[in-house]
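Just so you know, all these numbers are worked out from the coordinates, no wet-lab data involved. On a predicted model such as this, the values are computed, not experimentally measured, just so you know. Here the Cβ positions follow ideal geometry from the backbone for every residue, glycine too, while neighbour counts run over all protein chains shown.
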Amino acid sequence: MTALQATADPSNLQTVSADPHRLRRRVLLTLTFIGLILLMLRPSWHSLTTKVPDLGDPVLYGWGWNWTRHALFTNPGRLFDGNIFWRHPLTVAYTDNMLVLLVPFSLLRAVGAGWALQLNALGLGMIFFSLAATFSLARRTTGRTDVSIFAAIAYTFGAFTFAHLGHLQLLLLGQFPLGFLLMFRWFERRRARDAVWFGLLNASFFLGALYYAAIWMVCVAVVLIGYLVMTRFRPGPRFARGLAIAAVCSATALPFVIPYVHLGQERPLVPEWGLQPRDLVNVAPGSFLYPGIDSWANASVDRIEHSFFPGFSTELLAAIGLGALVWSSRTARARARIDLSRDRRRELWLMILAGSAAMVLSLGPEVRGHTLPFTWFHDHVPGFSGIRVAARLAVPGLLAAALLAAVGISAIVRRARARRSRVIVLGLCGFLLLELAAPLTQVSLPVGASTLAVYRALDHKPTGAVVELPMGNPVLGAEWARLEAPRMLYSTLDLHPRINGYSGSFPPDYIERRTTFNRFPAPASLRAARGLGVRYVVLHVGGYGGYPQYTDPQIRTIVAGLPPGATTHRYGDAWLVDLGRT
């Protein structure tokens, strides 16, 4: 009986489902993954409820979930018209919408979780999902539990994850292993429901990180073409039907993609943000085991975007696994060394092809003056024109390396006794965890009464656009993010439209608006306020996120220059100016 027949045989499925130890194994695996998260990320209740990885992107997505939840219940037809960058439309589409996590976010909000807990719980949930999905794919490939845990650790806790804990959209790592798993199940079983799940998974990519959506479509195309070639363009019964079903289900994402098409953002080609060979040894910032390499890695320009270290043990074992896989194609005796069925070897080769394609594209537009495929994709393939950091496209390659490492371990311990084999794999897992371990950076999210007082006051005011001053400078990315992203999150308390905003990009007139409004109450700023329907001006006092706001003498000067009829009142750490109806 072939692997395909064994999986498709109903009696075989019934036997598996009746396994009395299945539930116990799942509970143990769940506890194992939770333990790994506690070990590597070391969350405490205090950090979960008061701190976030950064005051920029994580808080931006907190605003996005709060806004889209509000819009779905009040005006779903304008879901992408957020309350920032007033009066520009489609402002949610300036970054990833992350709608794929809207349901778990809503559940957290429904049970009373605060902003910080919402963000941290979703981040930890995505990491757990990545561990579970990678384990499931590796378990399908190798048939071993222990080496599959190694693969899950290597893929989920690599330097890429630690470097991007503040980019929540990039923690959707688990979509890739789940996508391959669902695609291979459909290849194998040819059931309509498997095609449906595969199609819905494709759609979920477009409701998450658009970087991942773009490279996933490339992976799907590579796997489909590779599969057809391997089957000599005779894929068997119900393949075309399943492909059509998957395509229809994938198309459910179209309403959420159209706003991005209309916005038409195009970012320039930046060769410096392509993957570089040294990136594969750039450890996570502050690496415990490799302080020397950590210091060396600091020489990388924008190190956060050039950290892809999966562990030296992973890289060595992946090379062993690839060698064993290549050698296994020679004779039946060689194939026995990695103990993979024909179907699993085929699937592994398809993942290697997809991962290799992703790695090539991640190199960016050029290397040493030579134009690379990413340039053509950027100019001709929808979705790639908005990609700024090509290196992020390497994630499927990291997954392929983790799976090859699992195969490499299997080849090494194949002839060892069961107990010795488990000890070896456990030791490798422990060493890998040590290789990948690094400190975490978190900052407090201010949610005190004095910070939120002006937003709670606005919640009781008549509708009117708001500008919060001083406005952050988009040219200074850190200042812009740490000033404006929290203000956006706080604005979900009152939901008035805002001139301010922070996102992956900004409207073409935003810098000019910032210059004009930061001179408030100069005549030009008052004219701009009338033209945009701005009724309220929030003047922040003191300092925030390390950046100075207005001083009391500056506030007195501004108040003295207000037009007749304007009123002022202080709420906590801010003054609220009501210019009256415009």
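Could you give the angle, 0 to 90 degrees to the nearest 10, between helix 449-458's Cα long axis and the longest principal axis of the Cα atoms of the chain? Value to nearest ten degrees: 70.
For segment 446-578, a Kirkwood radius taken over Cα pairs fed into Stokes-Einstein (37 °C, viscosity 0.692 mPa s) yields D = 221 µm²/s. The C-alpha atoms of the chain define a longest principal axis, and helix 57-74 lies at about 80 degrees to it. Paramagnetic label reach from E512 (point 7 Å along Cα→Cβ; backbone nitrogen cut-off under 14 Å): within segment 69-93, residues 87. With contacts defined as alpha carbon pairs under 8 Å and 6 or more residues apart, what's the relative contact order of the chain in percent? Averaging sequence separation for qualifying contacts and normalising by length gives 18 percent for the chain.
Quick one: angle between helix 145-156 and the longest Cα principal axis of the chain, in degrees between 0 and 90, rounded to 10, please. Between the helix axis and the principal axis of the chain, the angle is about 30 degrees.
Between the beta carbons of R556 and E272, assuming R0 = 56 Å, the FRET efficiency works out to 0.75 to the nearest 0.05. Multiplying each eigenvalue of the alpha-carbon gyration tensor of the chain by 5 and taking the square root yields semi-axes of 48, 25, 23 Å, largest first, rounded to whole angstroms.
Judged by the ratio a/c of the largest to the smallest principal axis of the C-alpha gyration tensor, segment 342-475 counts as oblate, that ratio being 1.5 or greater while a/b is no larger than b/c.
With the highest mean first, a sort of the peptides 105-115, 129-139, 225-235 on other beta-carbon atoms found within 10 angstrom per residue produces 129-139, 105-115, 225-235.
Zone of L102 (label point 7 Å along Cα→Cβ, backbone N under 11 Å): which residues in segment 193-234? Those under the cut-off are 207.
For the pair L493 and H380, a Förster radius of 56 Å applied to the C-beta separation gives a FRET efficiency near 0.80, rounded to the nearest 0.05. With the simple spin-label model, which puts each label point 7 Å out from Cα in the Cβ direction, the R25 to I225 separation comes to 3.7 nm. Per residue of the chain, the DSSP helices (runs of n ≥ 4 H) give a summed -39500 (n - 2.57) that works out to -18000 deg cm²/dmol at 222 nm. Where both bridge residues fall in the chain, DSSP classifies roughly 70% of the beta bridges as antiparallel.
In this structure, R527 and S505 have a Cβ-Cβ separation that, at R0 = 30 Å, corresponds to a calculated FRET efficiency of about 0.70. Counting 0.36 nm for each residue step from A247 to A478 and taking away their Cα separation leaves a gain of 79.1 nm.
Approximating the spin labels as points 7 Å out from Cα along Cα→Cβ, the S341-to-V367 distance works out to 3.7 nm. When both segment 108-176 and segment 26-55 are represented by their alpha-carbon centers, they are found 11 Å apart. Just report the Cα centroid separation between segment 257-303 and segment 423-455, whole Å. Centre-to-centre distance over Cα atoms comes out at 20 Å. Against the empirical curve 2.2 N^0.38 Å, the C-alpha radius of gyration of segment 34-158 lands at a ratio of 1.27.
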